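Written out below as structure tokens is the structure these notes cover.
The values are calculated or read from the model by the stated rules, or taken from the named source; none is laboratory data. Here the structure is a predicted model, which means the values were calculated and not measured. Side chains included, ligands, DNA and RNA excluded: accessible areas come from the protein's heavy atoms. Shrake-Rupley method; radii C 1.70, N 1.55, O 1.52, S 1.80 Å.
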Amino acid sequence: MRVVVLCSGGMDSVTALYWAAREHHVSAVVSFDYGSKHNPKELPFAAEHAARLGARHEVIHLDFVNRLFASALLQRGGAIPDGHYEAENMKQTVVPFRNAILLSIACGLAESVGAEGLVIAAHGGDHAIYPDCREEFMRAMGEAMALGTYAGIRLLRPFIAKNKAQIAAEGARLGVDFARTWSCYKGGPVHCGTCGTCVERREAFAEAGLADPTVYASQPTLPERPKEVD
């Protein structure tokens, strides 16, 4: 299948890109610059991996998101919280309806370049905090994409039932250089080691039994995973 891959430059989406390159034909890789604090750190990695695989790479600028939306993840937003990725305070980093916006644009691109599918790296660890990463949403969005395009674009979510450790293990099997990926939401010179995404990254490598190639500013004891988030 000819596919377009959403790739931010993070470890999940880069692994999804390598998965897509193995399983399908990658027609294009698409990244979005929507004004997040970590966009400048992660987008170069998306470009690097697309180039490594010989795939066309497009960066789409969505400046209205940073200008109009409310989220700590955005440059105009508040401080990025520390703690576990599934903790209640991580809801501050939700960008309202982000995946719906990104998928809609990428779907239009997919049909325009003659692709038949669209790959996104949403995974099980996202479900607690991010409503637009859950399978119920993805299923509905996939149905809308198929109904709204002549090509019947399919939404492929290979990691929707996997956790971050399983993705790390899959990436290792695919030969992903995780040192050339970015997770930290704070977007500093190196990974902070304490924000939710850094905690999740550290946790994933540990649970997968893989050496973590990431440079962290700090590596305190990992916080416990919350029992439940409403």
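For VAL59 and GLU136, compute 0.36 nm times the residue count separating them, minus their Cα-Cα distance, and round to one decimal in nm.
Residue separation times 0.36 nm, minus the Cα-Cα distance, leaves 25.0 nm.
Between 0 and 90 degrees, rounded to the nearest ten: what's the tilt of helix 196-208 against the longest Cα principal axis of the chain?
Taking Cα atoms only, the helix is inclined about 90 degrees.
Under a 10 Å cutoff between Cα atoms, tell me which one of LEU109, LEU118, LEU73 has the largest fluctuation in the Gaussian network model of the chain.
LEU109
In square nanometres and to one decimal, what's the mean projected area of the convex hull around the Cα atoms of the range 69-125?
5.1
Hey, which lysines would be in cross-link range of LYS37, C-alpha to C-alpha under 28 Å, not counting anything within fewer than 8 residues on its own chain?
Correct list for LYS37: LYS91, LYS162, LYS164, LYS186.
Suppose accessible area is computed on protein heavy atoms with a 1.4 Å probe; arrange HIS84, HIS57 from highest to lowest.
Ranking HIS84, HIS57 by accessible area, largest first, yields HIS57, HIS84.
Which order do VAL94, VAL190, VAL30 take when ranked by solvent-accessible area (1.4 Å probe, heavy atoms of all protein chains), largest first?
VAL190, VAL94, VAL30
Any idea of TYR18's accessible area? Nearest 10 Å², probe 1.4 Å.
My reading of the accessible area for TYR18 is about 30 Å².
Write down the Kirkwood hydrodynamic radius of the range 64-183, to one decimal in angstroms, obtained as one divided by the mean of 1/r over all alpha carbon pairs.
It works out to 15.9 Å.
In whole percent, how big is the carbon plus sulfur part of the accessible area of the range 44-158, probe 1.4 Å, protein atoms only?
Numbers: 2900 of 5210 Å².
The computed percentage sits at 56.
Report Rg(Cα)/(2.2 N^0.38 Å) for the chain, keeping two decimals.
In units of the 2.2 N^0.38 Å rule of thumb, it is 0.95.
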